[in-house]
Each structure stands twice: as structure tokens, then as C-alpha cells.
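Chemist: My structure is below; once you've seen it, I'll send some questions.
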Amino acid sequence: MAVFSSGGQLAGLTFPSLSTPWQADGTVIVPDPGIPLVEAASDAPGVWRSQPSVRKVVDFIARNIASVPLHVFERRGDTDRRRVTDHPLAVLLAEPGPRVTPFRFWHGVLVDFLLHDRWCAQLLPNADTNSGYELRRIPASRMRLLDDGWGQVAAVHIVDPDGQAAEHDPAGFVFDHGWGGANGVPPTETLADILAESAEAVRYRRGVWKNGARVPLVIQRPAEAPDWSDASRNRFVEMWRRFTRGGGMEGGTPLLEDGMTVEKVDAFTPKDTQDIEGRRLTDAEVASAYHIAPELVGAREGTYSNIEAYRQMLYRDALGPFITQLEQTCNALLTPQLDRAGQLYVEANIEAKLRGSFEEQARILQAAVGAPWLTRNEARGRTNLSAVEGGDELITPLNVTEGGLASPLDTAPDESTRES
């Protein structure tokens, strides 16, 4: 258990001195109306802003999962189910809150989880929405899950924007957390050393280029050279500064005097530091920490035989566990609050992402059913054309019959060329 003292510096952030700690269930929390201490401890916003590797991987995961629609189904039997679109649960998933799109809501939830290892949303009644409810995302920096000592969440501790802290019954919330306690362990803490090394490398490169990317060298002046007056020495130093960044003579050749020689110093150069390889290594380490193949975020070169294989690997092997986790959380904590009968469940429509192009679908479906599967008006609707009279009938070409050709694009063999 971590106990925070009043005032000090943590994770590179300085927070003000506080006088009255708040304690519940053995956890010491110091409320801060400006920046909650939970946020200061993890510094996730700072990592999001300053660490391109973390932002690249986290945003890759969040964007791809948030774009997968969540559908609601009614369980009618072991082999029978029906898509539900008019139930408050389905309407809520399509409209989480006023002026909030499903993509933006779940993107924020997933970023919370990937950076803080916990996320939380509160189910509230709202007469202004079509479902009568809204899901309000509680930023992970302003909430903390209180443990009962057995790994179960006993309460949700929230610090509102006014700095007022309160405990809430977890029954009205939807939340999840990783291993290591009720609040999980942020992956950024595990990656702290790697991220700090990357930050130092960026700071070094910036300093090198700021100084004109000069080669490490020293200027030697022979001992028998005449004495240097202060004016002469200052004039030479000022001349040399003109060849650095901002001096006006960058890239030129300075003139030496009095038998001076230039000696290169055996030190690190920008090339020796292998900054490009260092960036790729940081990307690969962060991607591996989030169980994402480095090839997906460009950290390593990768080849895919085709787009279909790429989609299969992305949404099943890489993002599949995250999607399953989100589905199970919704079914365990959200669905029972809106479906007392227990007949509904939430499922991510991964097929929408695995689905091929229209040409691929048309070819596969046509071969599967052995006949045309679109009416003329359905085809016209796909190209934003208005319906025509008689266009709702499915046309079957004369060369396609049951047990005959598999596709209207096939042709029968020429009888004259068939071997007898």
C-alpha cells in the first residue's frame, strides 16, 4: 500500500501541500481540486503527450476497437437468436449520451484502460435521450476502485471537477481493471525505464541539432605561439560561434591562426547513437507490452500475403482479447441493469471488420447460393440510385437452375468439344 505525504514531487509533477488526507478501507487518498493525486501518480496525460511510441500503440488499439459496432441479441435457444435494435440497451449502445458518438465514448474508455489499467462509466437516467439513459464516462484520473480486501470492488471513489470526493455504490457503474489490485497496474509504470531512456535520447538529439550538429573536436594552439591578448581571444571565440546554429555562417569553413590544428575527439556522434534504431526499438517494446505485433504499428517490417490475412490476424489474434474483455464487461455489469429477464446479451460485430470488399462478397455469396442474390433495386440502392418499378423481383438467368451451374457467370461446356 502506498501512502502519500503532503506536498512533494512525483512522476515529474509537483503537487501542492495538502493537510487533510482521506482514508477508506486501508487506502490513503489525498484529494486535490486541481489535479487528483491518482493522476499525478501515473502521469498518464504526460505520457500521452510526450511519448510518441505509447500514443501510437494505444491509439492504434483504441481506434480499431472503438470502430467495431456493439450489437444486442436476444437468446431464444442454443441455436437460435434474434438481433434487437429497439430495446433501451441497444439504443443506449448506439447513443451513449447526448452529443456523444459510440466511437468517441469507447475510444475514451479504451484509452483510460490502456493508460491507467482501469476504466469506469456510470449509468444515469436521462429523459433527453431515446433510451432514457446515458453512459457517463468517468475519467480514470478522477476515479479509484476501492478493494474489499478479497479482490472485489466495494466502492467507486470519484473526485468531481469541484474537488469534492465521494464514494458510490458500484451497482450503478460499469467498470473493469487489470491485475494487481482493484485499480490494476498501469503498463506505463512497467515501461517507465524504457520511456525515460527514449526521452533522454530525444533530449540529446534535440541538443545536438540545436547546437548545429557539430562534430566533437578540439582546437589545439601550439605552445610557441605568441601570447594571446584578451581582445584577440574574444575575437576568435566570437568568430567560431558564427559557425554554430544561428551564427550566420553554418556549414562554412572557419579560418585558424597561429599554427592552430583541429583534432577530432573520440566521442559519441548522432550516427553512433543509432537514433532511428532506438526509436524503432522503443516502438517494438511498447507494442509488445500491449501484446500487439510490432509490424502492425510500423515498428518492424512485415509482409502479409493479402488483406484478408491481415484482417484475420488483427481482429482475432491481436485485438480479439481486448474485444472479448469489453463484451464480457458489458454483459456482466451493464446488461443486467437494463434487462431484468436475462435474455439479452452484447456482442461485437467483428464480422463487419473481417468482411471483404463488395466484389469478394458478391463472388463468394453467388457461388454459395448458386444464383443471383441481389434484386435490381437493391443494387441501385448501393449506388444511390432511386428504385424502379418491378425492380424488387429477383431475376434468375435461364442458364441457372437448381442442380445446374453454380453461377450465372459460368458457361456450359461446348457439346462439340466434349470427348465422347
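Chemist: Could you list all residues from the stretch 331-347 that are in contact (Cβ under 8 Å) with a residue 60 or more places away in the chain and either more than 12 Å from PHE173 (Cα to Cα) or assigned by TED's automatic domain parsing to the domain that holds GLU74 (or both)?
Modeler: Result: LEU338, ASP339, GLN343, LEU344, TYR345, VAL346, GLU347.
Chemist: While we're looking at this one, here's another question. Quick check on my filter: what residues within the stretch 141-196 are among the basic types (Lys, Arg) and assigned to a strand (DSSP E or B)?
Modeler: ARG144
Chemist: Another question, then. All but one of (1) within 18 Å of LEU281 (Cα to Cα); (2) modelled with pLDDT of 85 or more hold for ARG235; which doesn't?
Modeler: (1)
Chemist: Please work out if GLU250 is within 50 Å of the chain's Cα centre (by Cα), at pLDDT 80 or above and surrounded by 13 or more Cβ atoms within 10 Å (Cβ to Cβ).
Modeler: no
Chemist: So ARG137 clears everything in (1) at pLDDT below 95; (2) touching a strand residue (DSSP E or B) at 6+ places or on another chain (Cβ under 8 Å) except one condition, right? Which one?
Modeler: Status for ARG137: all satisfied but (1).
Listed here are the residues, each with its yes/no results for (1) aromatic (Phe, Trp, Tyr); (2) in the same structural domain as VAL54 (by TED's automatic domain parsing); (3) modelled with pLDDT of 95 or more; (4) surrounded by 12 or more Cβ atoms within 10 Å (Cβ to Cβ).
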residue	(1), (2), (3), (4)
ARG75	no, yes, no, yes
GLY108	no, yes, yes, yes
ASP147	no, yes, no, yes
ALA171	no, yes, no, no
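Chemist: Considering only the stretch 57-69, state which residues are over 12 Å from the mean Cα position of the chain (by Cα) and either more than 18 Å from PRO96 (Cα to Cα) or buried (at least 19 other Cβ atoms within 10 Å of the Cβ) (or both).
Modeler: Within the stretch 57-69, the first condition is being over 12 Å from the mean Cα position of the chain (by Cα), and the residues that meet it are 68-69.
If the condition is that a residue be over 12 Å from the mean Cα position of the chain (by Cα) and either more than 18 Å from PRO96 (Cα to Cα) or buried (at least 19 other Cβ atoms within 10 Å of the Cβ) (or both), then VAL68 is the only one that fits.
Chemist: Next up: Return the only residue of ARG206, ARG245 being modelled with pLDDT under 85 and out of contact with any Gly (no Cβ under 8 Å at 6 or more places or on another chain).
Modeler: ARG206
Chemist: Ok, one more. Going through the stretch 101-158 one residue at a time, which ones are in contact (Cβ under 8 Å) with a residue 40 or more places away in the chain, of a type in the set (Phe, Trp, Tyr) and closer than 22 Å to PRO321 by Cβ?
Modeler: TRP106, PHE113, TRP119 - these are the residues of the stretch 101-158 that are in contact (Cβ under 8 Å) with a residue 40 or more places away in the chain, of a type in the set (Phe, Trp, Tyr) and closer than 22 Å to PRO321 by Cβ.
Chemist: So which of ARG76, ARG118, ARG104, ARG137 is more than 18 Å from the chain's Cα centre (by Cα) and among the basic types (Lys, Arg)?
Modeler: Values: ARG118 fails: more than 18 Å from the chain's Cα centre (by Cα); ARG104 fails: more than 18 Å from the chain's Cα centre (by Cα); ARG137 fails: more than 18 Å from the chain's Cα centre (by Cα).
One residue alone meets the criteria, ARG76.
Chemist: Determine whether the stretch 188-207 contains at least one residue that is closer than 30 Å to LEU255 by Cα and touching a Pro at 6+ places or on another chain (Cβ under 8 Å).
Modeler: Checked the stretch 188-207: at least one residue is closer than 30 Å to LEU255 by Cα and touching a Pro at 6+ places or on another chain (Cβ under 8 Å).
Chemist: Next up: Scan LEU110, LEU89, LEU70, LEU93 and give me the residue that is of a type in the set (A, V, I, L, M, F, W, C) and more than 16 Å from GLU347 (Cβ to Cβ).
Modeler: LEU110
Chemist: Within the stretch 378-395, is there a residue that is in contact with a helix residue (DSSP H, G or I) (Cβ under 9 Å, 6 or more places away or on another chain), modelled with pLDDT under 85 and not in a loop (DSSP other than H, G, I, E, B)?
Modeler: yes
Chemist: Is one or more of the residues making up the stretch 273-294 at pLDDT 80 or above, under 45 Å from the mean Cα position of the chain (by Cα) and more than 18 Å from LEU195 (Cα to Cα)?
Modeler: Checked the stretch 273-294: at least one residue is at pLDDT 80 or above, under 45 Å from the mean Cα position of the chain (by Cα) and more than 18 Å from LEU195 (Cα to Cα).
Chemist: So the check is Cβ under 6 Å with 6+ separation or different chains; which pairs have a first residue in the stretch 254-273 that's among the polar types (S, T, N, Q) and a second one that's modelled with pLDDT of 80 or more?
Modeler: THR261/GLN220
Chemist: Scan PHE73, PHE105 and give me the residue that is more than 30 Å from SER198 (Cα to Cα), part of a helix (DSSP H, G or I) and not aliphatic (A, V, I, L, M).
Modeler: Within the list PHE73, PHE105, the selection yields PHE105.
The values are calculated or read from the model by the stated rules, or taken from the named source; none is laboratory data. This is a predicted model, so every value here is computed, not measured. As a convention, Cβ positions derive from the backbone with ideal geometry for all residues, glycine included, and neighbour counts pool all protein chains shown.
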